[in-house]
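Trainee: The structure follows.
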Amino acid sequence: ARRFPKRLPTNLLGYLSSLASIRRELDAFRPDLLSALYVGGYGLVASLSGWRPLAVTSLGSDLLVDYPSSFIHRVQIRHVLRRADLVITDAEELSRVAVEIGTPREKVLKAYFGIDETIFHPGARAAAPGGAEPARIVSTRNLYGVYNLDLLVEAAPAIAERHTAAFILCGDGPERQRLEERVRALGLSSRFSFRGRLEPRGIAEELRAASVYVSTSRSDSTSVSLLEAMACGAPPVVTDLIANREWITDGENGLIAPRDDPAALAGAVLRMIEDSGFAAAVREKNFRIVKERGLWRDNMDRVADAFERLVSRARR
């Protein structure tokens with residue numbers, strides 16, 4: 001492993017400034033395959049390095065946010081996708097966009113990052129929701145603007161009116177101070193717990209004790225946080241994103257709420273808290289879904305097989 005020194009901020013010039021160093025490293029190491037994550041930025045440098053076969057991976061923002069945002073991003077990303085021998089995505093929507101941009105479908109591999117089932121599993125649930133115990137509403141998204149934790153904070157008063165609810169935010173980021181101030185302004189400081197970033201086992205424990213898992217993201221590909229919640233038995237309430245609908249069917253194995261409607265989010269959370277039969281059915285269905293297609297090991301085996309095929313073809 002080699003970490004290159006940062007020469008310039010990570011914008012276009014910042015990435016390009018590292019190209020000579022990366023070429024020297026590649027000439028010395030002579031890899032059988034070059035893999036770049038994401039399509040933008042690092043993918044551009046990889047595509048200009050001259051090394052093949054080249055695999056690039058999209059996790060969402062590069063194709064869903066950056067590509068439509070500017071002409072420069074579109075030029076870069078089209079160039080990378082043309083050069084790539086394999087494009088890995090982790091959601092059907094990303095695969096669709098990659099093909100729409102011009103990537104041949106046979107070059108696209110959808111492989112979910114998935115979860116480690118030795119950590120994320122139902123286990124022994126801490127306390128059954130309902131009864132004298134407060135309902136536990138858990139979010140494990142980091143505190144960045146794209147994850148829109150404001151939506152949960154603004155929905156909290158309506159939830160707290162009907163239940164002695166505890167809101168647990170496992171994550172950190174630049175929005176934390178502002179969110180804490182807003183919680184205080186709403187008079188809900190005693191209800192909210194900002195846990196910061198937790199290790200995976202700590203996240204799993206919080207999810208196993210959750211009455212509801214909430215994701216309020218404005219943009220996402222397949223969310224590993226959602227898969228972790230599903231595997232641990234936390235009934236999900238998520239915002240209406242195409243990638244979320246790849247995993248959640250509204251009213252069957254979770255609930256889907258509009259992206260900017262606190263009242264609708266509160267209503268969905270309250271339904272999940274109050275309908276114990278529905279929540280129990282959701283838990284059972286979601287554990288099966290994640291086992292069938294959301295395990296890290298199984299998906300990474302598919303990526304490894306694709307890499308082996310690329311290398312074999314290149315050698316021939």
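The values are calculated or read from the model by the stated rules, or taken from the named source; none is laboratory data. Here the structure is a predicted model, which is why all the values come from computation and not from measurement. Neighbour counts run over all protein chains shown; Cβ positions are idealised from the backbone, glycine included. Just so you know, the surface numbers come from the protein's heavy atoms only, side chains and all, with ligands and any DNA or RNA stripped out. Shrake-Rupley method; radii C 1.70, N 1.55, O 1.52, S 1.80 Å.
Trainee: Take Ile119 and tell me if it is assigned to a helix (DSSP H, G or I), open to solvent by 10 Å² or more (accessible area, probe 1.4 Å) and β-branched (Val, Ile, Thr).
Mentor: When the stated conditions are applied, Ile119 does not pass them.
Trainee: Do you know which residues across the range 90-110 are modelled with pLDDT of 95 or more and of a type in the set (Gly, Ala, Ser)?
Mentor: Matches in the range 90-110: Ser95, Ala98.
Trainee: Now a separate question. Which one of the conditions (1) assigned to a helix (DSSP H, G or I); (2) surrounded by fewer than 16 Cβ atoms within 10 Å (Cβ to Cβ); (3) touching a Lys or Arg at 6+ places or on another chain (Cβ under 8 Å) does Glu100 fail to meet, given that it meets all the rest?
Mentor: Looking at each condition in turn, Glu100 falls short on (3).
Trainee: Let me ask something additional. Touching a Cys at 6+ places or on another chain (Cβ under 9 Å), open to solvent by less than 40 Å² (accessible area, probe 1.4 Å) and not in a helix (DSSP H, G or I): which single residue out of Gly196, Gly173 fits that description?
Mentor: Testing whether each residue is touching a Cys at 6+ places or on another chain (Cβ under 9 Å), open to solvent by less than 40 Å² (accessible area, probe 1.4 Å) and not in a helix (DSSP H, G or I) leaves just Gly196.
Matching residues to (1) under 30 Å from Ile242 (Cα atoms); (2) open to solvent by 70 Å² or more (accessible area, probe 1.4 Å):
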residue	(1), (2)
Leu8	no, yes
Gly14	no, no
Phe29	no, yes
Trp51	no, no
Leu63	yes, no
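Trainee: Tell me the residue from Ser219, Ser223 that is open to solvent by less than 20 Å² (accessible area, probe 1.4 Å) and not acidic (Asp, Glu), please.
Mentor: That would be Ser223, the only listed residue that is open to solvent by less than 20 Å² (accessible area, probe 1.4 Å) and not acidic (Asp, Glu).
Trainee: Return yes when Ala1 is without any contact (Cβ under 8 Å) to a residue 12 or more places away in the chain and outside any loop (DSSP other than H, G, I, E, B) and no when it is not.
Mentor: Numbers: without any contact (Cβ under 8 Å) to a residue 12 or more places away in the chain: yes; outside any loop (DSSP other than H, G, I, E, B): no.
The answer is no for Ala1.
Trainee: Now a separate question. Answer yes or no as to whether Ala158 is open to solvent by 40 Å² or more (accessible area, probe 1.4 Å), farther than 15 Å from Arg141 by Cβ, of a type in the set (Gly, Ala, Ser) and assigned to a helix (DSSP H, G or I). Don't jump to the end; show me each part of the working.
Mentor: Numbers: open to solvent by 40 Å² or more (accessible area, probe 1.4 Å): yes; farther than 15 Å from Arg141 by Cβ: yes; of a type in the set (Gly, Ala, Ser): yes; assigned to a helix (DSSP H, G or I): yes.
Taking the combined requirement at face value, the residue satisfies it.
Trainee: Looking only at the range 264-276, which residues are touching a strand residue (DSSP E or B) at 6+ places or on another chain (Cβ under 7 Å) and open to solvent by less than 60 Å² (accessible area, probe 1.4 Å)?
Mentor: Once the filter is applied, which keeps residues that are touching a strand residue (DSSP E or B) at 6+ places or on another chain (Cβ under 7 Å) and open to solvent by less than 60 Å² (accessible area, probe 1.4 Å), the range 264-276 yields Ala264, Leu265, Ala268, Val269, Met272, Ile273.
Trainee: Enumerate the pairs (first residue in the range 170-184 and more than 12 Å from Ala156 (Cβ to Cβ); second residue anywhere and assigned to a helix (DSSP H, G or I) and open to solvent by less than 90 Å² (accessible area, probe 1.4 Å)) with beta-carbon separation below 6 Å, excluding pairs fewer than 6 apart on the same chain, so at least 6 apart or on different chains.
Mentor: Within 6 Å, the pairs are Cys170/Ile203; Cys170/Glu206.
Trainee: Can I ask one more? So, in the range 16-27, of the ones that are over 18 Å from Val56 (Cα atoms) and assigned to a helix (DSSP H, G or I), which residue ends up least open to solvent (accessible area, probe 1.4 Å)?
Mentor: Result: Ser21.
Trainee: For the range 39-59, enumerate the residues that are assigned to a loop (DSSP other than H, G, I, E, B) and either among the basic types (Lys, Arg) or farther than 12 Å from Gln76 by Cα (or both).
Mentor: Keep residues of the range 39-59 that are assigned to a loop (DSSP other than H, G, I, E, B), which gives 39-41, 49-53, 58-59.
Listed by number, the residues that qualify are Ser49, Gly50, Trp51, Arg52, Pro53, Ser58, Leu59.
Trainee: Something else now. Considering only residues that are out of contact with any Gly (no Cβ under 9 Å at 6 or more places or on another chain) and either assigned to a loop (DSSP other than H, G, I, E, B) or modelled with pLDDT of 95 or more (or both), which ones fall in the range 230-254?
Mentor: The first filter runs over the range 230-254 and keeps only residues out of contact with any Gly (no Cβ under 9 Å at 6 or more places or on another chain), leaving 234, 239-242, 245-246, 249-254.
Residues satisfying the conditions are Ala234, Thr239, Asp240, Leu241, Arg245, Glu246, Thr249, Asp250, Gly251, Glu252, Asn253, Gly254.
Trainee: Considering the range 277-316 alone, what residues qualify as being surrounded by fewer than 17 Cβ atoms within 10 Å (Cβ to Cβ) and not in a helix (DSSP H, G or I)?
Mentor: Listed by number, the list holds a single entry, Arg316.
Trainee: Oh, and also: Test each condition in (1) open to solvent by 10 Å² or more (accessible area, probe 1.4 Å); (2) over 27 Å from Phe120 (Cα atoms); (3) at pLDDT 95 or above for His163 and report the one that comes out false.
Mentor: Only one criterion in (1) open to solvent by 10 Å² or more (accessible area, probe 1.4 Å); (2) over 27 Å from Phe120 (Cα atoms); (3) at pLDDT 95 or above is unmet by His163, namely (3).
Trainee: Cβ-Cβ below 6 Å, separation at least six or inter-chain, first residue in the range 26-37 and closer than 18 Å to Arg309 by Cβ, second of a type in the set (Val, Ile, Thr) and in a helix (DSSP H, G or I): which pairs?
Mentor: Close Cβ pairs (under 6 Å, with a partner that is of a type in the set (Val, Ile, Thr) and in a helix (DSSP H, G or I)) amount to Asp32/Val311; Leu33/Val311.
Trainee: Would you pick out the residues in the range 65-97 that are open to solvent by 60 Å² or more (accessible area, probe 1.4 Å) and aliphatic (A, V, I, L, M)? Quick ask: steps written out before the conclusion?
Mentor: Quick first cut of the range 65-97, residues open to solvent by 60 Å² or more (accessible area, probe 1.4 Å) only: 65, 68-69, 71-75, 78, 82-83, 92, 96.
Correct list: Val65, Ile72, Val75.
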